[in-house]
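Note sheet for the following structure.
The values are calculated or read from the model by the stated rules, or taken from the named source; none is laboratory data. None of the values given here were measured: they were computed from a predicted structure. Cβ atoms come from the backbone with ideal geometry, glycine included; neighbour counts cover every protein chain shown.
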Amino acid sequence: MLEISIFTILALFMLAGSIAMISNRQTLFSAFGFLVAMIGLAGMFALLDSRFLAIAQIMVSVGAVVVLSMLTILTINAKNENLPHEPHKYKWIFFSSILVLPVTLLIYKSTTALYQSFSTMEAVSSKVVGKLLFSEWVLPFEIVSILLLTAMVGAIVIARKETTTKETTKNDLMRSEENS
Amino acid sequence: MTPELFFLLASVLFSIGLVGLVSRKNLFVLYMSIELMLSAVNLLLATFSKVLNDANGSVIALLIIAVIAAEAVLFLAMIVHIYRTSRSVDSDHLNKLREGAENA
């Protein structure tokens, strides 16, 4: 009974957050809705007894990803006229919801059918997860670390201003010529 | 506590992300919708990991969290670059590769 009530509260928070995320015009309010949804997802992981995933979700998704996107939104500080002009937003959301509804039912029905064919319902301990991660899944783990490094370098390269480097090199050249 | 509720929640979250992806033009909202869809898949993986009592699902979910972080970094860097060049976060402005683009 307690589990059901906790699930209901968390699910309502997540749904409200995600609906606020796709329907708000101001970007920062969307980010706040996304934050609420991510914290609710961490609570769901805790409710499923996978503590390691819950902590990872809090640390990575909430602590890093959402905060980074909020900082980007605040740094960009797009004014009202720079935001996209969407006069028929709610109409689009309504029609696409109707179109997507069969997909929702398909996912729900297929997962439920999968679950009914085999089920045990026991907790997954963090120890087993750690052992699996460093024995059987060690190659994907290393590939993910390379992927993170590549993403970091790529982000620096993409977001850098091209003009500043050229100006600094030109200034350095001029300064060295003056010195000589 | 039956896992059907978790499946229902995961499918609804995935669909909300899909709706946001196809119906909005703000690049930040598109990015957050993709993240929401990935998180719904994560919730499904964690639920199945508990239902089948198999820790492999939790490991895959953990790796997906790392991939989400990498995707977020690249997407935000691209948004910053696009805003710097075109002063807008509208996805309709991204037509530089189109032949004969009017505001390239």
Seminar exercise, completed: From the option list B:38, B:43, single residue qualifying as at pLDDT 90 or above, closer than 21 Å to residue A:61 by Cβ and at the interface with chain A (Cβ under 7 Å from one of its Cβ atoms) is B:43
Problem set entry | Unique residue being at pLDDT 90 or above and either crowded, with 23+ Cβ neighbours inside 10 Å or more than 22 Å from residue A:129 (Cα to Cα) (or both) when the list is A:57, A:26 | A:57
For this session: Return yes when residue B:7 is closer than 20 Å to residue A:22 by Cα, touching a residue at least 24 places away in the same chain (Cβ under 8 Å) and surrounded by 23 or more Cβ atoms within 10 Å (Cβ to Cβ) and no when it is not.
Result: no
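Being at pLDDT below 90, of a type in the set (A, V, I, L, M), closer than 27 Å to residue B:84 by Cα and crowded, with 17+ Cβ neighbours inside 10 Å is the requirement here; does residue A:31 meet it?
No, not satisfied.
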Problem set entry | Hits in the range B:56-96 (condition: over 26 Å from residue A:129 (Cα atoms), part of a helix (DSSP H, G or I) and among the acidic types (Asp, Glu)) | B:92
Exercise. Any idea which of A:124, A:144, A:128 is assigned to a helix (DSSP H, G or I), modelled with pLDDT under 90 and surrounded by 13 or more Cβ atoms within 10 Å (Cβ to Cβ)?
Worked result: A:128
For this session: Would you please list the contacts, defined by Cβ atoms under 6 Å and residues six or more apart or on different chains, that run from a residue in the range B:47-65 that is buried (at least 22 other Cβ atoms within 10 Å of the Cβ) to a residue that is aromatic (Phe, Trp, Tyr) and in a loop (DSSP other than H, G, I, E, B)?
Result: B:59/A:137
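Quick check: is even one residue across the range B:23-31 in a helix (DSSP H, G or I), without any contact (Cβ under 8 Å) to a residue 12 or more places away in the chain, out of contact with any helix residue (DSSP H, G or I) (no Cβ under 8 Å at 6 or more places or on another chain) and hydroxyl-bearing (Ser, Thr, Tyr)?
No: zero hits.
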For this session: Please verify whether the range A:73-91 includes one or more residues that are among the hydroxyl-bearing types (Ser, Thr, Tyr) and surrounded by fewer than 13 Cβ atoms within 10 Å (Cβ to Cβ).
Result: yes
Exercise. Within the bounds of the range A:93-113, is there any residue that is touching a residue at least 12 places away in the same chain (Cβ under 8 Å) and not hydroxyl-bearing (Ser, Thr, Tyr)?
Worked result: yes
